[in-house]
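The values are calculated or read from the model by the stated rules, or taken from the named source; none is laboratory data. Model, not experiment: these values are computed from the prediction. All Cβ positions, glycine included, derive from the backbone under ideal geometry; neighbour counts span all protein chains shown.
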Amino acid sequence: MIILASWQATTPTRGAIRPAPGTHEELLAGNGFYADIYNSQFTLID
């Protein structure tokens, strides 16, 4: 994922990069790729 601005992110789709529509909160609530990447920064590694 590439953050273009605080309000716009992109997600890979079949080799292409397409804008992910929605606010940060909406994208997190969708529990998809954006949420996975965002939440991964808070995962503890042993």
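Which one of Ala16, Ala29, Ala20 is modelled with pLDDT of 60 or more and surrounded by fewer than 10 Cβ atoms within 10 Å (Cβ to Cβ)? It is Ala16. The one condition from (1) at pLDDT 80 or above; (2) in contact with a Gly (Cβ under 8 Å, 6 or more places away or on another chain) that Thr11 does not meet is (1).
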